[in-house]
1. Among T366, V212, L420, which residue has its Cα positioned farthest towards the positive end of the charge dipole of the chain, with +1 placed on the Cβ of Lys and Arg, -1 on the Cβ of Asp and Glu, and the dipole taken about the Cα centre?
2. How much net charge surrounds W368 when only other residues with a Cβ under 14 Å from its Cβ are counted (Lys, Arg +1; Asp, Glu -1)?
3. Can you pull the one-decimal nm distance between simple spin-label points at R376 and E294, each 7 Å off the Cα toward Cβ?
4. How much FRET efficiency would the formula 1/(1 + (r/R0)^6) give for A264 and D79, where r is the Cβ-Cβ distance and R0 is 25 Å, rounded to 0.05?
5. For region 1-75 and region 83-121, compute the distance between their C-alpha centroids and round to whole Å.
6. For region 124-252, max minus min Cα coordinate along each principal axis, in Å, sorted largest first?
7. Hey, rough spin-label estimate for R321 and E156, points 7 angstrom out along Cα→Cβ, what's it come to in nanometres?
8. If you count, for each residue, the other Cβ atoms within 10 Å and average over each peptide, how do 171-184, 380-393 line up from highest to lowest?
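Taken together, the values in this text are just the output of simple stated rules run on the coordinates, not laboratory data. Keep in mind that what you see is a predicted model, and the values were worked out from it rather than measured. Cβ atoms come from the backbone with ideal geometry, glycine included; neighbour counts cover every protein chain shown.
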Amino acid sequence: MTELLALGISYKTAPVELRERVALLEGRAAGVLRELVSTDEVHEAVVLSTCNRTEIYMVVGDGVEAETAALGILARESDIRPTELISHLYSLRSMDAAKHLFRVTAGLDAMIVGEAEIQGQVKRAYELALVENTTSAVMNRLFREALAAGKRVRTETNVGSGSVSVSSVAVQLAQETLGDLSGRRVIVIGAGETGELTARELTERGVRSVFVANRHYDRAIGLAQRFGGQAVRFDMLPAELEKADIVVSSTASPHHIVEREGLAAVMQARGGRPLLLIDIAVPRDIDPGVADLEGVFLKDIDDLQRVVERRLSGRQAEARRAESLLDHELERFRRWLGTLDVVPTIAALHERADAVVEQVLRENDTRWESLSATDRERLQLVAATIAKRLLREPTLRLKARGDDRLTYAYIQALRELFGLDAETQSAFEAKPEERTPADANVTPIRRRRGRRGS
C-alpha cells in the first residue's frame with residue numbers, strides 16, 4: 001500500500017545553525033521536488049521551508065526506502081552527513097503526518113503559537129508543488145483541507161489574538177535591550193511580508209525613522225513611504241549602518257547580507273556607539289561572527305523564544321479549542337483517505353478467492369474423472385459460492401464504512417493478512433481514468449523519462 005510520510009527538522013529539534021543549512025529556498029525546493037518524484041518510491045511531494053522548519057510531505061510506496069532517499073537528498077543539499085542530520089529529524093507516517101501538517105498550518109506547532117504568517121507559507125509551498133507538478137489526489141486533498149482547517153481555526157478561535165508575531169517579538173526584544181525606542185534610527189533589511197510587519201511594529205513604538213534597504217529598490221520605496229521612512233539603496237547600507245541604532249534583517253538571501261569584516265569597519269567609524277542587530281532570517285542574513293565585535297549585540301530567531309514563552313500563556317486555552325476543531329477536520333480527511341483503497345481492496349480480495357478456487361479445482365481435476373460436465377459445473381459453483389459467502393461479511397463491513405474510524409486499519413490488515421499488495425494497484429496510484437469523480441480534475445504527477453517504463 002501507499003502511505004503518507006512527513007520528514008522534517010524544526011526549531012524544536014535543531015538550532016538555527018543547523019536549520020539554516022537545511023533550509024530550502026524556492027529555487028532549491030523546486031529542484032528537490034523534482035528529484036524526489038523521480039525516485040521509484042516517492043509518488044507525490046511538497047516541500048515546506050520557513051525560518052523555523054524544513055519539512056517534506058510525501059506520498060510513498062515503501063516508507064523506509066522513501067525516507068532513505070529523502071534523507072540522502074536533504075543531507076546532500078545541506079552538505080551535512082546523513083548520520084549527523086538524522087539525529088535532528090522527525091519522521092511521521094499516515095495520519096500522524098496529516099495531523100502534523102494541520103497543526104503547522106493552524107499555527108499550533110509554531111514557535112509563536114497562532115502566528116498568522118505560517119498559513120501563507122504553507123500555501124506558497126503547495127503552489128510551488130503544483131507548478132512543479134509533483135502533487136496528485138492525496139497531496140492535493142491533504143493541503144487543501146489543511147489550509148481550510150487553518151483558516152477555520154483563525155476564524156472560530158482566538159488562538160491568533162494579541163498580535164504576536166515574529167516581527168512584534170523582534171521589536172519587543174529591541175525594546176528590552178535598548179529601552180525606549182522613540183527617536184531611534186532603525187534599518188529594516190528586507191521589504192517582504194516580515195519587513196512590512198516589522199516596520200509597522202516599529203512605527204507604533206515611536207521610531208523616528210525607518211530606513212529600508214532591499215535589492216528591489218522600488219519595493220523599498222513603497223514600504224518606506226507607507227511608514228514615513230526613507231528607502232536606501234543596497235550599496236549604501238554600510239554608510240547607513242554607521243548611523244543606525246537597530247538593524248532588523250529578514251531577507252530570503254542564501255548568503256550573509258552583513259559580514260563580520262565589513263561591520264568591523266563600521267563599528268570603528270561609530271566611535272563606540274552600541275548597535276543592536278536582530279536577524280530573523282533563515283538562512284541567517286548576518287554573519288554570527290559579528291557578535292564578537294565590541295559594541296555589537298546580535299540576536300537571532302532562536303533568541304526570540306525566551307520572549308515568546310512569556311507572551312503566550314494566555315493562548316493555551318484557545319489552543320486547546322483549536323486542537324479539538326482540528327481533530328474534527330482530520331477525521332473527515334481520515335475517512336476520505338480510508339476510502340481510497342476500499343474498492344481495489346474488495347476487488348483484490350475476491351480475485352484472490354477466485355484464484356484459490358480455480359487452483360484447488362485444477363489440482364483435483366484428475367480425481368473427478370467420472371464426474372459429468374453438469375456435475376463439474378455444480379462443483380465449481382459450490383466452491384465459488386463458499387468463497388463468496390466467506391468474504392461477504394468483510395466486504396459488507398468495508399462498504400458500510402460511514403464514520404467508522406477503523407476503516408483504514410481494516411484495509412491495512414486485510415491487505416497484509418491476505419497478501420494483496422503484490423497483486424493489485426492502490427487507488428493512490430490509479431491512472432487518471434480510474435480515479436473517482438471527486439478527483440477527476442486532479443493533475444497527474446509528471447514522470448521523468450525512463451521511470452517505470454514511461
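1. The residue sitting farthest along the positive end of the dipole is V212.
2. Details: positive: R362, R367, R376, R378; negative: E363, D365, E369, D375, E377.
Result for the neighbourhood of W368: -1.
3. Between R376 and E294, the label points sit 10.4 nm apart.
4. Details: r = 27 Å, r/R0 = 1.09.
Computed FRET efficiency for A264 and D79: 0.40.
5. For region 1-75 versus region 83-121, the Cα centre distance is 12 Å.
6. Extents along the principal axes, in whole Å: 54, 35, 23.
7. Going from the R321 label point to the E156 one covers 1.1 nm.
8. On the way: 171-184: 15.9, 380-393: 12.6.
Per-residue mean Cβ counts within 10 Å order the peptides as 171-184, 380-393.
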